[in-house]
């Protein structure tokens, strides 16, 4: 490991001499010639094998038979406001949001434009996230007006839950997903009574459970899977807060891939599958998740546990350097021979101003691909 600047300073103060810089080789000298040879000559067989061993083995997916589904692209799903949430303003790499009683400022790399509102309005926020601007980077919250508690009550789509100031800048809900949740609620309500038993919903990478609670409130039997015990505990808190303790929800702390592999072996099937995977993650036992490496296999397994008359299959992808066409074509191939239609595009939130009712600019938040029976 390279020593830090502080480590070098401590050694120097303790009496150790810093090493002299090596002489720079003259042009045309032996050192320069050896360096040039190293650049031109291929690595030895041992080094080549070592490099190959570092590369993840591709998980080969067989091409399915049958026609590809119909397609609708691009499809932009837009949210403006949802009960206690709306995007007030955005710009200069930031977004100003209303979550219940609190106004919050968080980083947003895609907000390239200047804000519409003045600096005084932005400075009047209740909480400001400072630190790493990466989607999964850690930081801390600053409270300009007064210290706030760790949690506060929120409500979206008649679901009560807790907001929480996390060190990863998230607050426990992704409001742009409301577009998917509204579709899911309508599909579940329209499907009531179509077959014996309640529709079954699988929510992979379910986080704090808001989507699971929306599904349960609409009459579904829900299986919620997340690798974080802390997130599962938060989701259970939200279930109690929403008064949905009597609804059939299985809260499962497990690696998503291992879980759906077991479900396939058991022959269990679902009417709706939601999957919202991170770019990188770890399972409860250290299992590694890499989106570009593992996503094709995951979707293939999900297709295997969809009912033949399924209601839908939704993939959302955050913080990846890819076009929505990449997830669209993957979903098209995954659902080859299943019929239906695949619609793909982006989830966006439109600014609503201070009142929430002043339609402004659209802020893109994520890519998605969604299979529907028609």
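How do the helices (runs of 4 or more DSSP H) wholly within segment 11-126 filter down when requiring 2 or more residues that are at pLDDT 95 or above and over 30 Å from residue 340 (Cβ atoms): which remain? Explain how you work it out, then say what you get.
On the way: elements: 30-40, 45-54, 119-123.
Because the criterion is at least 2 residues that are at pLDDT 95 or above and over 30 Å from residue 340 (Cβ atoms), the helices (runs of 4 or more DSSP H) in segment 11-126 that meet it are 119-123.
Of the candidates 263, 287, 237, the single residue that is touching a residue at least 24 places away in the same chain (Cβ under 8 Å) and under 19 Å from residue 314 (Cβ atoms) is 263. Restricting attention to segment 266-278, the residues that are surrounded by fewer than 18 Cβ atoms within 10 Å (Cβ to Cβ) and in contact (Cβ under 8 Å) with a residue 24 or more places away in the chain add up to 2. Applying a threshold of 6 Å to beta carbon distances and a minimum spacing of six or more residues, or different chains, the list of pairs starting in segment 58-75 at a residue that is within 11 Å of residue 332 (Cα to Cα) and ending at one that is at pLDDT 95 or above and assigned to a loop (DSSP other than H, G, I, E, B) reads 64/336; 64/337; 68/336; 69/335; 69/340. When 301, 311 are checked against the criterion of being touching a strand residue (DSSP E or B) at 6+ places or on another chain (Cβ under 9 Å) and either buried (at least 18 other Cβ atoms within 10 Å of the Cβ) or farther than 25 Å from residue 162 by Cα (or both), 311 stands alone in meeting it.
Looking only at residues of segment 140-158 that are free of Cβ contacts under 8 Å to residues at least 24 places away in the same chain and either touching a helix residue (DSSP H, G or I) at 6+ places or on another chain (Cβ under 9 Å) or part of a loop (DSSP other than H, G, I, E, B) (or both), we find that the one that is nearest to residue 237 (Cα to Cα) is 151. Does residue 183 satisfy being touching a residue at least 60 places away in the same chain (Cβ under 8 Å) and over 20 Å from residue 79 (Cβ atoms)? When the stated conditions are applied, residue 183 does not pass them.
The values are calculated or read from the model by the stated rules, or taken from the named source; none is laboratory data. Computed from a predicted structure; not experimentally measured. Please note: Cβ atoms are built from the backbone with ideal geometry, for glycine as well, and neighbour counts cover all protein chains shown.
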